[in-house]
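Before any comments, here is the structure.
Coordinate-derived values only; no laboratory data. As the structure is a prediction and not an experimental result, all values here were calculated from the model. Note that we place each Cβ from the backbone using ideal geometry, even for glycine, and neighbour counts take in every protein chain shown.
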Amino acid sequence: MNKLVDDFGRRIRYLRLSVTDRCDFRCVYCMGEDMTFLPRARVLTLEELTALSRAFVELGVEKIRLTGGEPLVRHGVTDLVESIGALPGLRDFAMTTNGSGLVKHAEALRRGGLARLNVSLDTLDPERFRDLTRTGDLSRVIAGIRAAREAGFEHIKLNAVILKGRNDDEVSDLVEFARRERLDISFIEEMPLGQVTEHDRAATFCSSDDVRALIERHHALLPSTESTLGPSRYYRMTDSDTRIGFISPHSHNFCSACNRVRVTAEGRLLLCLGNEHSLDLRGVMRRYPGDGDRLKAAIVDAMRLKPERHHFTTDGDVQVVRFMNMTGG
Ligand code: SAM
Ligand code: SF4
């Protein structure tokens, strides 16, 4: 029975859990070049991450997505996947990754019960990839996607953040790549999380409608009613199994149907991506170790903090000071 209902009648069924704030990339829309990461003692332990997941599943959460930072740089991540994958009642278990660790980890993740993977990929040009991620190697990510397929992952989805003047000329190429490799793909509007100085967000903003128009030059898009409990709106093409999704926090506000909460790597329960309302669950777990009932009571109680909506705008102003890697994208 689901016990997580907020003041607006929304039922919380989906947890996005950040397992680290660290990352081997420094994507220009996500992080600054010089990042200071959390001291280890402030990050939830693997046991705490498992206890939290158990509490949420017992309260009725059906879907957990592990994210970060980059989840695959966390030591012991495959053990964590195995513990969470074994929780009775969990119906959908996913991870969002930059893909660079998939060659190494894909098989163990699949064996541990992870069902679905989202891999972030914004460009197919190696130099541009290096430019956008500051440190990344495109060939490793492509090899990682293929390794995941071989390990038995179906419905791998690409996530692409499109920035005007940086990679909007690659929208079609990314769609063709997804079709060729039999992947789904979602296009994400850049969100004003954290202060970035590398580019002017107002100037690079590319709406989902712009991206859709670029795709429709080559393929008719048929709206689909499919949902993965996430915020994507999906479209299909007549001649391919590839689904195309749009995540549009600016242009198509999805707050009224919001069914999710996030927990940061520090154990802060965030009730909304675009607001600061939160509760320190690490504090609860460290004050009352092993007390699952108290943890669950704190989570249930926090539901009344969930705000009705976010108020992102496209003028480039930072509305939330947290970087995306702190939030768990
Ligand atoms: N490291 C993993 C990855 O890149 O897939 C997981 C964490 S990352 C923060 C999750 C997603 O958030 C990625 O798809 C990334 O492209 C997206 N993202 C990061 N910063 C963003 C921003 N400012 N606006 C929109 N999406 C962003
Ligand atoms: Fe790392 Fe993902 Fe952020 Fe890129 S988007 S810097 S891969 S956490």
Starting from the Cα of LYS104, draw a straight line to each of the lysines and keep only those under 29 Å, dropping any in the same chain fewer than 8 residues away.
LYS63, LYS157
When the Cα atoms of the chain are enclosed in a convex hull and the volume is divided per residue, what value in Å³ results?
122 Å³
Unpaired by the 4.7 Å Cβ criterion, cysteines found in the chain
CYS23, CYS206, CYS255, CYS258, CYS272
Above 14 Å lies some portion of the pair distances; for the range 117-204, what is it as a whole percent of all C-alpha pairs?
66 percent
Would you mind counting up the charge near THR204? Only other residues with Cβ under 11 Å from its Cβ, with Lys and Arg at +1 and Asp and Glu at -1.
-2
Under a Cβ-Cβ cut-off of 9 Å, what is the net charge of the residues other than MET95 that fall near it, where Lys and Arg count +1 and Asp and Glu count -1?
+2
Within-11-Å neighbourhood charge of ARG13 [Cβ basis; K, R +1; D, E -1]
+3
